[in-house]
Every structure is written in C-alpha cells, then in structure tokens.
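The values are calculated or read from the model by the stated rules, or taken from the named source; none is laboratory data. Just so you know, these numbers come straight off a predicted model, no measurement behind them. Positions of Cβ are backbone-derived with ideal geometry, glycine not excepted, and every protein chain shown enters the neighbour counts. Only protein heavy atoms, including side chains, enter the accessible area calculation; ligands, DNA and RNA are left aside. Shrake-Rupley method; radii C 1.70, N 1.55, O 1.52, S 1.80 Å.
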Amino acid sequence: MSNEQVIAIDGPAASGKSTIAKILANKLSYTYLSSGLLYRAITYMCYNHKITKDHFEEIEKILKTNKVTINKGTVFINDNDANKFMYLPDVDKEVAGYSSLHIVREHVKRKLREISKIEAIVMDGRDIGTVIFPNAKYKFFVTASPEVRAKRRYLDFLKNTPNNDIKLETILQDLIIRDKIDSTRELSPLQKAPDAIVIDTSELTIEQTMEKIYNYFT
Ligand code: CDP
C-alpha cells in the first residue's frame, strides 16, 4: 500500500530539492522536512565534541544524550537554535563521512519514520524514496549539472555571507567529492528509486520546475 503521508524528494547537493520541497509543502499544506539537517546537526555535534568517525560508542552517547528537533526549517539542539552552524564549511566537509555510519543512519531513519506518523510531510534527502519511505506515493529525483549546482551554492553563500572569500572552484570541487561519497557509500547510497520521477533543473527556473512538478498532482 502506498504511503500518502510522504512526498519524497531526493537528489545530489544543491540540485534545488529543498527549494522545490518547501514550495510544494506550502502549496499542499504539508510540513517540509530536510533530512539533511538532521545529518548536519549530528555532524556538528560530533565534530564540536571532537569525536571522530571511528568512535562509535561516543557517537552513540551523543545521539542518546542530545535532543535534535526541526521546527519550520530551523534546527534545535537541546532547544537551542543551531541553524547558523549547519552550513559551516567544516560541517559541509564532514557531513558525508558521518552520514555513512550505520549507527547514524539507523538513528535518523527511526526519527524520520516517527515524524511521518504525526504529520504529512514533504521530505528531501538522498535515500527518502529508496530506503526511508520506499512506499511513498510520490517520489522525485531532482538533479542538475555539477557546474550549475556549484554556481547556485556559490550565489547562496555570497548572499548570506557577502564578505567571505570562498571560490566557486572550491565549492565545485567540494560538491563533487561529497556527491562521490554519498553515491558510492555502502549504506543507503544516493540513487534514484526505480519509480522516482527525474526532474533535471539545470536549465529550468524555479517557476518552470514547479510547473513540471504540479503536473503530477492534477
Ligand atoms: O543541501 P545539500 O544538498 O547540500 O545537503 P543536505 O540535504 O543538507 O545533506 C547534507 C549531507 O547529509 C549529504 O551530503 C549527505 O551526506 C547527508 N544526507 C544523507 O546521507 N541522507 C539523506 N537522506 C540526507 C542527507
């Protein structure tokens, strides 16, 4: 039986999936949830406590003793707004590594499934349509060329932190490395579910992308 409570939107970094997911959730009056934010929060906590990826017991302790929640796109760690830390360059660099760990994936899987029992959600990530909610009624796989994705992330950075000296080329290289780790890892690699609809946003505006997506809901 298909799961009507969840719309799954997967795809590589900066493909536009979160923008699409937010607009769609708003339109359908669903809640939007970024699964990546949970992985980012866990990475931030581990990194901050200097717990490396091979210290499973310590990671388990971190997962057990800290409460991570997401409310309207904002991450709270133990009730403190942690959003400003989620896209730090160190978190960007480390997140794919911590996300490859079994203990982290199982923890997030449990959490995401719990949330879906309470509310209808549009969820974006890497494995939402393949592993977390394989029965989701609607699945989209949103993609774009690496160059287009890097340019988008670069413009986001410039908008949010105008005085930084980050280079487009650095963002492109980091993004390619993260995609590689995400799509070649053993557990829940980034891949298109066989029944997912592919949306390539390389040459599309947000409006054109949404028009395409809405076609599947009419
Ligand atoms: O926004 P962006 O696409 O750059 O990344 P994100 O959705 O915030 O996800 C950050 C990282 O978390 C990804 O690069 C993956 O390593 C991991 N992730 C994952 O493994 N599985 C998911 N369902 C979502 C994110």
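Over every pair of different alpha-carbon atoms in the chain, take the mean of 1/r and invert it; report that Kirkwood radius in Å.
Values: mean 1/r = 0.0563 Å⁻¹.
One decimal place: 17.7 Å for the Kirkwood radius.
Return the distance in nm (one decimal) between the two label points of a simple spin-label model at Thr170 and Glu147, each offset 7 Å from Cα along Cα→Cβ.
Taking the simple label geometry, Thr170 and Glu147 are separated by 2.2 nm.
Just the number, please: carbon plus sulfur as a percent of the accessible area of the chain, 1.4 Å probe, no ligands or DNA/RNA counted.
Working: 6270 of 11910 Å².
For the chain, the apolar C and S fraction of the accessible surface comes to 53 percent.
Work out which helices of the chain, taken as complete DSSP H runs, extend at least 18 Å along their axis over the Cα atoms and score a mean Kyte-Doolittle of -0.5 or more, then list them.
Values: long enough: 35-48 (20 Å, 0.32); 102-118 (25 Å, -0.81); 146-160 (21 Å, -1.22); 168-184 (24 Å, 0.08).
Result, helices passing both filters: 35-48, 168-184.
For the chain, report the accessible area per residue in Å² (1.4 Å probe, heavy atoms, rounded to an integer). Let's see the in-between values first.
Numbers: 11910 Å² over 218 residues.
Ligands and nucleic acids excluded, the figure is 55 Å² per residue.
Return the long-range amide H neighbours of Ala82 (sequence gap of 5 or more, or a different chain), with a cut-off of under 5 Å between placed amide H atoms.
Val75, Phe76, Ile77
For labels at Thr184 and Asn135 in the simple 7 Å Cα→Cβ model, what's the distance in nm?
3.6 nm
Under the classification rounded if a/c is under 1.5, otherwise prolate if a/b is larger than b/c and oblate if not, where does the stretch 122-198 fall, given a ≥ b ≥ c as square roots of the Cα gyration tensor eigenvalues? Kindly include the intermediate steps, with their values, before the conclusion.
Details: a/c = 2.72, a/b = 2.00, b/c = 1.36.
Since a/c reaches 1.5 and a/b is larger than b/c, the shape of the stretch 122-198 is classed as prolate.
Report, in deg cm²/dmol and to the nearest 500, the calculated mean residue ellipticity at 222 nm for the chain, where each DSSP H run with n ≥ 4 adds -39500 (n - 2.57) and the sum is divided by the residue count. Working shown, then result.
Details: 8 runs with 105 residues, N = 218.
Computed ellipticity for the chain at 222 nm equals -15500 deg cm²/dmol.
For a bin width of 5 Å, list the pair-distance distribution of the stretch 1-93 built from all Cα-Cα distances, rounded to whole %.
Calculated P(r), rounded to whole percents: 2, 12, 21, 21, 18, 14, 9, 4, 1.
Starting from the Cα-Cα distance between Glu60 and Ile118, subtract it from 0.36 nm times their residue separation and give me the gain in nm to one decimal.
Working: separation 58, 0.36 × 58 = 20.88 nm, distance 2.54 nm.
This chain segment gains 18.3 nm when fully extended.
Using 30 Å as the Cα-Cα cut-off, could you pick out the over-long pairs in Lys117/Lys139; Lys61/Lys84; Lys84/Lys109; Lys27/Lys151; Lys137/Lys167; Lys61/Lys139? Working shown, then result.
Numbers: Lys117/Lys139 18 Å; Lys61/Lys84 24 Å; Lys84/Lys109 24 Å; Lys27/Lys151 27 Å; Lys137/Lys167 40 Å; Lys61/Lys139 34 Å.
Exceeds cut-off: Lys137/Lys167; Lys61/Lys139.
Going by average Cβ neighbours within 10 Å, how do the peptides 172-183, 41-52, 118-129 rank, with the highest at the top?
Values: 172-183: 16.2, 41-52: 18.5, 118-129: 23.1.
Per-residue Cβ counts within 10 Å, averaged per peptide and sorted highest first, yield 118-129, 41-52, 172-183.
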